[in-house]
Amino acid sequence: MIRPDYPIRTPRLTLRPYRADDFDALYDIQSRPEVTRYLLFGARNRDEVRKSLRERVAATELDDEGGTLILAVVLPETGGVIGDVVLFWRSREHRLGEIGYIFHPDYGGQGYATEAAQVMLRLGFDELGLHRIIGRVDARNTASARVLERLGMRFEAHFIQNEIVKGEWTDEIVFAMLEDEWRAR
Ligand SMILES: CC(C)(COP(=O)(O)OP(=O)(O)OC[C@H]1O[C@@H](n2cnc3c(N)ncnc32)[C@H](O)[C@@H]1OP(=O)(O)O)[C@@H](O)C(=O)NCCC(=O)NCCS
């Protein structure tokens with residue numbers, strides 16, 4: 001189990017748990033169709049964002065498999081939330097985890113998602129002792145696949161039409177990293 005000390009700082013970012021007063025920032029991200037284009041959910045309304053925020057505020061530690069750790073990513077200069085990163089604990093027996101991330105498009109193209117997601121790999125491998133961490137993306141989501149590549153994850157699989165996203169069958173690609181690869185990176 002992990003219960004990190006917050007905030008977590010990287011060279012350019014601060015990661016901390018979500019708070020109830022992050023509603024406007026989260027709404028500004030989750031209500032955008034361009035953000036949710038390749039996600040399993042569509043652009044969210046205020047009620048849906050309120051529910052999502054409640055889940056996020058509670059997701060501050062990983063107690064057991066099935067758990068989710070979600071951290072708000074903040075630009076220290078402004079204090080504003082620009083996105084979030086997530087670590088799912090998929091299996092205790094197989095020491096398997098999964099990462100994910102969602103960022104505001106105004107802050108794209110600067111490597112912030114990669115920098116923040118790297119923290120989740122570190123927590124997964126170094127703190128939780130995971131053996132393998134995966135990232136799964138809609139095969140059309142090339143920006144997200146590039147993040148996983150920049151993190152040093154390996155392309156492992158391409159599943160044909162295994163999910164329905166926004167009403168259409170879509171392919172999914174899977175990237176992974178093993179603990180040895182993390183240590184050797
Ligand atoms: C997926 C998503 C986070 C990718 O955002 P992104 O801005 O491309 O990713 P990063 O923040 O890591 O930025 C990387 C880009 O910044 C550039 N960059 C600039 N400065 C950089 C730096 N210091 N370090 C790393 N990259 C840098 C990179 O070259 C890269 O651009 P490129 O892909 O054109 O080469 C974003 O598109 C998003 O939130 N999408 C909606 C939600 C979503 O689909 N999430 C993933 C679900 S699987």
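Taking segment 12-35 as the range and being part of a loop (DSSP other than H, G, I, E, B), more than 13 Å from the ligand (Cβ to nearest atom) and under 17 Å from the mean Cα position of the chain (by Cα) as the test, the residues that pass are Pro17, Tyr18. Assessment of segment 89-98 against the conditions (more than 22 Å from Lys166 (Cα to Cα) and touching a Ser or Thr at 6+ places or on another chain (Cβ under 7 Å)) yields no matching residue. Somewhere in segment 89-104, is a residue farther than 21 Å from Val174 by Cα and out of contact with any His (no Cβ under 9 Å at 6 or more places or on another chain)? Taking every residue of segment 89-104 in turn, at least one turns out to be farther than 21 Å from Val174 by Cα and out of contact with any His (no Cβ under 9 Å at 6 or more places or on another chain). Taken together, Gly109, Gly67, Gly83, Gly79 contain a single residue that is over 13 Å from the mean Cα position of the chain (by Cα) and near the ligand (Cβ under 9 Å from one of its atoms), which is Gly109.
Read-outs throughout are calculated quantities, based only on the coordinates presented, and are distinct from any laboratory measurement. What you are looking at is a predicted structure, and each value in this text was computed from that prediction instead of being measured. A quick note on method: Cβ atoms are made from the backbone with ideal geometry, for glycine too, and the neighbour counts reach across all protein chains shown.
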